[in-house]
Amino acid sequence: MSSQQKKKFFKDVKHYFWDDPYLFRICADQIIRRCVQGQEAFDILKACHEGPTGGHHGANFTAKKVFDAGFFWPTIYKDAHNLVKSCDSCQRQEKISQRDEMPQNVIQVFEIFDVWGIDFIGPFSSSRGNRYILVAVDYLSKWVEAKALPTNDARVVVKFLKSLFARFGTPRAII
């Protein structure tokens with residue numbers, strides 16, 4: 001192994017970690033994705049292309065859906081391109097030009113409790129000492145969590161979020 005190959009290896013290896021029984025990769029967007037290979041990778045790719053939410057999109061969009069689902073493998077773009085090229089349904093529809101198609105709006109697919117909105121309300125005058133209300137709303141279900149608090153500092157927010165995460169899991173985003 002040449003010194004350049006060693007440098008490349010050590011540069012690449014820092015993006016991976018092992019959590020038995022899976023290998024994970026920290027991608028450029030700082031999202032941790034599970035590494036897959038072989039038949040499992042093909043099944044995931046096929047589900048993202050042909051499944052109920054697939055839509056028979058192109059190779060790049062299919063690869064993006066795999067990334068959004070939390071998976072990674074080094075040849076994902078090449079494999080997606082080959083899958084689209086070999087997809088019978090896609091090849092039959094290839095002659096339809098984009099100007100003949102209806103405009104499509106991307107629908108964001110989120111799970112319940114994946115995205116929370118959080119904000120303070122107040123200050124209010126209070127005889128019990130609680131001057132603020134911290135409110136969190138799940139974007140999908142519109143579930144509301146609220147807590148009356150004496151202050152609006154970071155410490156009470158962290159405690160509130162820890163309680164929220166313990167009950168509903170860690171969300172993808174907090175707005």
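Every read-out reported here was derived from the displayed coordinates using simple, explicitly stated rules and does not represent laboratory data. Keep in mind the model is a prediction, meaning the values are calculated, not measured. Note that each Cβ is placed from the backbone with ideal geometry, even for glycine, and that neighbours are counted across all protein chains shown.
Some values worked out for this structure:
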{"item": "Residues LYS65, LYS159, sorted so that the one with the fewest Cβ neighbours within 10 Å comes first", "result": "LYS159, LYS65"}
{"item": "Choice from GLN91, GLN37, GLN104 with maximal GNM fluctuation in the chain (Cα, 10 Å cutoff)", "result": "GLN104"}
{"item": "The chain, dipole about Cα centre (Lys/Arg Cβ +1, Asp/Glu Cβ -1), debye to the nearest 20", "result": "700 debye"}
{"item": "R0 of 30 Å, Cβ-Cβ distance ASP12-SER86: FRET efficiency to nearest 0.05", "result": "0.50"}
{"item": "Distance in nm between pseudo-label sites at GLU50 and SER2 (7 Å out along the Cβ direction from Cα)", "result": "4.2 nm"}
{"item": "Any cysteine of the chain lacking a neighbouring Cys Cβ under 4.7 Å - listed by number", "result": "CYS27, CYS35, CYS48"}
{"item": "Shape category assigned to segment 115-174 from the gyration tensor of Cα positions, a/c cut at 1.5", "result": "prolate"}
{"item": "Cβ-based exposure ranking for SER86, SER127, in which fewest neighbours within 10 Å come first", "result": "SER127, SER86"}
{"item": "Debye, to nearest 20: dipole size of segment 3-100, +1 on Lys, Arg Cβ, -1 on Asp, Glu Cβ", "result": "520 debye"}
{"item": "Projected label distance in nm at ASP20 and GLN104, using a 7 Å step from Cα toward the beta-carbon", "result": "4.3 nm"}
{"item": "Computed E for SER125/GLN30 - FRET, C-beta separation, R0 45 angstrom, nearest 0.05", "result": "0.55"}
{"item": "4 °C / 1.567 mPa s Stokes-Einstein diffusion coefficient of the chain, Kirkwood radius on C-alpha pairs, µm²/s", "result": "64 µm²/s"}
{"item": "For CYS90, CYS35, order by how many other beta-carbon atoms lie within 10 Å, fewest first", "result": "CYS35, CYS90"}
{"item": "Value of relative contact order over segment 1-50, rounded to a whole percent, pairs C-alpha under 8 Å and six or more apart", "result": "18 percent"}
{"item": "Point-to-point label distance, LYS78-GLN37, nm (Cα→Cβ direction, 7 Å offset)", "result": "1.4 nm"}
